[in-house]
Amino acid sequence: MVPLPTSPSSSSASSSSPRQLHSSSSGEWHAVVRRNVKSSLLLLLTQTQTQSTDHGAVDRFVPGEEEGVPAENNEASEQSSDISLPSANTSAVPAPASSRAEQTGYSVGAAAHAEEKCDMSVGKWVREPRGPVYTNLTCPTLPDFKNCHKYGKDPGHLFWRWQPDGCDLPRFEPERFLDVARGKRMAFIGDSLARNQMDSLLCLLSQAEAPTDVYRDAFDKFRTWHFPAHDFTLMAMWTEFYARGEPVLDAGGKPTASFDIHLDRLNANWTSRLPGLDYAVISGGNWFFRVNYLWEDGRRIGCVNCRKPGLADLGIAYAVRRVVRAALEAVARCRDCKDSLVTFVRTYTPDHFEHGSWFSGGYCNRTRPLEEGDLDPRSIGWELRRVQSQEVARVRETSGSTKFELLDVTKAMMLRADGHPGWHYDKRWVRNASDCLHWCLPGPVDTWNDMLLRRLTQISPQPLLR
């Protein structure tokens, strides 16, 4: 394994100014595709073209799961009875949310950050000569797939930290996190990027205490780790859409890259695990970029990216809003959950492919953060971020609970085109592909847990001094 330097490399410091990112019409926001994979293979991806309703033609290819496990097989092993939801009044034109938050023009994150004096979502990346809290040599749980530095990744991206405007975001302290979380159970609920955050937190916390690997399901989609000295349990729970998603079959009966998403049925593979949790961190969005079909009351009501005559394309943001709303309402109504359960929504993060995609020569070889002027204000990522923020504000208002929080990382991560693996990973996992969606460890993803710790220390009772 490759040790990391203790100071920024001169090459990263002197790299040229970043070029402007592609606009949505030229391919910045690509549609997500994952093909069915045989259980005997680690990962097999093929290309599929899709169209984005409001943002022009795009084509994005993303591994469905970083460990190469078929989601449909996992469904069979983990699925219990789904949760039925009340039917929504759905029309061909997506209806805006009816919460007072939207009617009164809530700014992004306004409700979720009401108790904070500082908005962590607004700021800039500044130099951090100390580098990360851990390295690829000091994290015993680091997945080889994300060990970019072992496979030649330029270390320049390690020497930056997120500086919010008007306040400081403290450097992560593993001991402090474990003290705050003593005796608690936390789960990251979502897709492979939720797993990315859990892997980051494992690396950070392992600098203070070695975790015990307690459980993994047959497809490595549900994981449990335990820190015995602090009685802290950390889990990952896999779900692509929160709602029930069934692969669309081709003429030969084989799963395709598309899904039938049942907006009125939540997957019990994660909702059934909510009781007992003290903290839930939910996230997602990338799976909605593929061609998907939306169902309600047992009938197909529309689609996303399908362009089929007679079938309304309701748009990515509409689908994301519906499932995020359903997920948060399910948490709010959970009778067996702890009254003290705190639920965080981590906002959408984009990929940074340039001049292509996973198998078409796309790359992400920058060595420093982008400038704010490089961001495209028309990108759908801003819209998904707004949807997630509004739904957190809405559930806080409708439930009367302040136990819903927002981890608003979208802007910070839009600027970090330098933090992805690209070609720097073990090719035994995926051949001939560039990964500009997931994040290297260590890397910018660790900032998500900096923000999480800051918020936990604000909302949690202070541990007794010993």
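Which one of GLY422, LEU341, THR410 has its Cα pushed farthest toward the positive end of the charge dipole of the range 316-466, where Lys and Arg give +1 and Asp and Glu give -1 at the Cβ? Positive-most Cα among the choices belongs to LEU341. Rounded, prolate or oblate: which one fits the range 291-383, using the alpha carbon gyration tensor with axes a ≥ b ≥ c (rounded when a/c is under 1.5, else prolate when a/b beats b/c, else oblate)? Oblate is the answer for the range 291-383, as a/c is 1.5 or above yet b/c matches or exceeds a/b. What FRET efficiency would be calculated for the residue pair GLN163, ALA208, taking the C-beta separation as r and a Förster radius of 22 Å, to the nearest 0.05? E(calc), rounded to 0.05, equals 0.35. Between ASP144 and CYS118, the FRET efficiency from the beta-carbon distance, with R0 = 30 Å, is close to 0.20. Taking a ≥ b ≥ c as the square roots of the eigenvalues of the alpha-carbon gyration tensor, the range 164-215 is classed oblate because a/c is 1.5 or more while a/b is no larger than b/c.
Take 320-327, 334-341, 271-278, 122-129 and order them by the average number of nearby Cβ atoms within 10 Å per residue, most first; the result is 320-327, 271-278, 122-129, 334-341. Computed over neighbours whose Cβ is under 10 Å from that of ARG346, the net charge equals -2, Lys and Arg +1, Asp and Glu -1. What the Cβ-Cβ distance of ASP250 and LYS427 gives, at R0 = 30 Å and to the nearest 0.05, is a FRET efficiency of 0.55. Taking the square roots of 5 times each eigenvalue of the Cα gyration tensor of the range 241-396, largest first, gives ellipsoid semi-axes of 28, 24, 15 Å.
Model label sites at THR457 and THR398, defined 7 Å from Cα along the beta-carbon direction, differ in position by 3.5 nm. In terms of distances greater than 25 angstrom between alpha carbons, the cross-link table entries LYS184/LYS403; LYS124/LYS427; LYS153/LYS427; LYS184/LYS221 yield LYS124/LYS427.
A short reminder: the numbers here are calculations on the coordinates, not readings from a lab. None of the values given here were measured: they were computed from a predicted structure. Counting neighbours? That spans all protein chains shown, and the Cβs are built from the backbone with ideal geometry, glycine included.
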